[in-house]
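Engineer: Below is a structure I'd like to ask you about.
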Amino acid sequence: MSDFSPEWLELREAADVRSRNRNVADAVAARFALRAELSVVDFGAGTGANLRATSALLPERQTWTLVDHETALLDVAKAKLIRWADRHEEDGERLVLDKGGRRISVLFKVADLARDTEVLLDDKPQLVTASAFFDLTSEDYIRKLAKAVTGMGAAFYATLTYNGLQKWTPHRPADNQMTAAFQRHQMRDKGFGPAAGPLAGSHLVDQFRINGHVVTEGESPWRLERGDRMLIDELIRGHAVAVTEIGGVDEKAIVSWLNVTRTAAFVGHTDVFAVPS
Ligand SMILES: C[S@@+](CC[C@H](N)C(=O)[O-])C[C@H]1O[C@@H](n2cnc3c(N)ncnc32)[C@H](O)[C@@H]1O
């Protein structure tokens, strides 16, 4: 069973879109501006949010493979993409979308990236991308992936990788203890070995640079305010569940932390774009 419900992915999508780093997105658009077509693989695609946000930066004809280990999420992705597109048609296993003057052909692949990444790269995609995914993976996974992607001469674009910065408003003394416990939970094995969690973004930057790609990076924090009430509440609930699971914080302290009404929250993320020099 997934840790990521379609409802949670839906709730975060608008905040994700407005938080993406503009300089990094501009570098992506500039890199592919002269191309007519591009093949893309999206790791941990969930309900397809990354395609909806990234396709506008890419050439007129795009071929996407959306990979996730949850069939149910990819089913929702297909339905949401059909609603999002101006027009759609089905061509065998492919869903072909017209959106804003772009033709986007999409294949949905159920696969466990902890095991099948190498096979998925056999198709030699020109762009490997992911959104809100790499903090789940490990340093070792990132090292091997960077070697494989740079070895193929492909570009790489990872958005919204959690980087460990958090600030709650109003601040409470227990925030620091809760954040520390949450980070410990973030670094638990999520199927890829000990998770990189908040260090994933810096591992991505280092590994792509070590392997000779030119890297553009930028911050993409969520700055949540009153209009994001539901997302803030769900975030707080998710933190409390994670901290309860990992242990080390008194139950009463967790309950009183949960009961503070927050009017704003800052959650740090990093965007990374890497290309052959
Ligand atoms: C935080 S969600 C992000 C989803 C989507 N990229 C977005 O931005 O809304 C992480 C996604 O990674 C997927 N995932 C986690 N571990 C995976 C694995 N081992 N293989 C394939 N997908 C995985 C989850 O099912 C989930 O859809």
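The values are calculated or read from the model by the stated rules, or taken from the named source; none is laboratory data. Being a predicted model, the structure only gives us computed values, none of them experimental. Glycine also receives a Cβ, built like all others from the backbone with ideal geometry; neighbour counts cover every protein chain displayed. Side chains are part of the model used for accessible areas, which takes the heavy atoms of the whole protein and leaves out ligands, DNA and RNA. Shrake-Rupley method; radii C 1.70, N 1.55, O 1.52, S 1.80 Å.
Engineer: May I ask for the distance between the Cα centers of the range 217-262 and the range 67-143, given as a whole number of Å?
Structural biologist: After rounding, the separation between the Cα centres reads 29 Å.
Engineer: Continuing with this model, one more query. Across the range 74-83, in residue order, what do the Karplus-derived ³J(HN,Hα) couplings come to in whole Hz, using 6.51 cos²θ - 1.76 cosθ + 1.60 with θ = phi - 60° and x for Gly and Pro?
Structural biologist: 5, 5, 5, 4, 4, 4, 5, 5, 5, 5
Engineer: Assuming R0 = 25 Å, can you tell me the calculated FRET efficiency for the pair ARG61 and ASP112, based on Cβ-Cβ distance, to the nearest 0.05?
Structural biologist: 0.25
Engineer: OK, next. Shape of the range 1-123 from its Cα gyration tensor (a ≥ b ≥ c, root eigenvalues): rounded if a/c is under 1.5, otherwise prolate when a/b > b/c, or oblate?
Structural biologist: rounded
Engineer: Also, I was wondering about something else. With a/c under 1.5 counting as rounded, go ahead and sort the range 207-247 into rounded, prolate or oblate using the C-alpha gyration tensor (a ≥ b ≥ c being the square roots of the eigenvalues; past the cut-off, prolate if a/b is larger than b/c, else oblate).
Structural biologist: In terms of gyration-tensor shape, oblate.
Engineer: Let me ask another. Within the accessible area of the range 1-125, what % is carbon and sulfur when the probe is 1.4 Å and the other protein chains stay in place?
Structural biologist: It is 48 percent, rounded to a whole number.
Engineer: Return one quarter of the surface area of the convex hull spanned by the alpha-carbon atoms of the range 82-158, equal to its mean projected area, in nm².
Structural biologist: Mean projected area of the Cα convex hull: 6.3 nm².
Engineer: Suppose all protein chains stay in the model; what accessible area per residue would a 1.4 Å probe give for the range 12-150, in Å²?
Structural biologist: Working: 6360 Å² over 139 residues.
Result: 46 Å² of accessible area for each residue.
Engineer: Just to check I understand the Karplus step: with θ = phi - 60° and J = 6.51 cos²θ - 1.76 cosθ + 1.60, what whole-Hz values come out for the range 3-16, glycine and proline as x?
Structural biologist: Karplus values, whole Hz, x for Gly and Pro: 7, 10, 7, x, 5, 5, 5, 5, 4, 8, 4, 5, 5, 4.
Engineer: Using amide H atoms built 1.01 Å from N in the peptide plane, name the residues 5+ places from THR137, or on other chains, whose amide H lies under 5 Å from its own.
Structural biologist: Under 5 Å from the amide H of THR137: ALA196, GLY197.
Engineer: Measure up LYS78/LYS167; LYS109/LYS167; LYS99/LYS124 against 29 Å on the Cα-Cα distance and list the ones that go over.
Structural biologist: LYS78/LYS167; LYS109/LYS167
Engineer: Tell me the net charge near THR63. Cut-off is 9 Å between Cβ atoms, THR63 excluded, with +1 for each Lys or Arg and -1 for each Asp or Glu.
Structural biologist: Here the charged neighbours net out to +1.
Engineer: Here's another thing I want to ask about it. Nearest 0.05, what FRET efficiency do ALA264 and LEU11 give at R0 = 25 Å with Cβ-Cβ as r?
Structural biologist: For ALA264 and LEU11, the calculated efficiency is 0.90.
Engineer: Please arrange GLU225, GLU118, GLU219 by accessible surface area, largest first, computed with a 1.4 Å probe and ligands excluded.
Structural biologist: GLU118, GLU225, GLU219
Engineer: Can you work out ³J(HN,Hα) from phi for every residue in the range 112-126, in order, using Karplus 6.51 cos²θ - 1.76 cosθ + 1.60 and θ = phi - 60°, giving whole Hz and x for Gly and Pro?
Structural biologist: Those phi angles translate into 8, 5, 5, 10, 9, 4, 4, 4, 5, 7, 4, 6, 6, x, 7 Hz.
Engineer: Roll a 1.4 angstrom probe over the protein heavy atoms and tell me the percent of accessible area of the range 146-193 that is carbon or sulfur.
Structural biologist: Values: 1230 of 2110 Å².
The computed percentage sits at 58.
Engineer: Rounded to the nearest whole Å², what accessible area per residue is found for the range 203-251 with the 1.4 Å probe?
Structural biologist: 54 Å²
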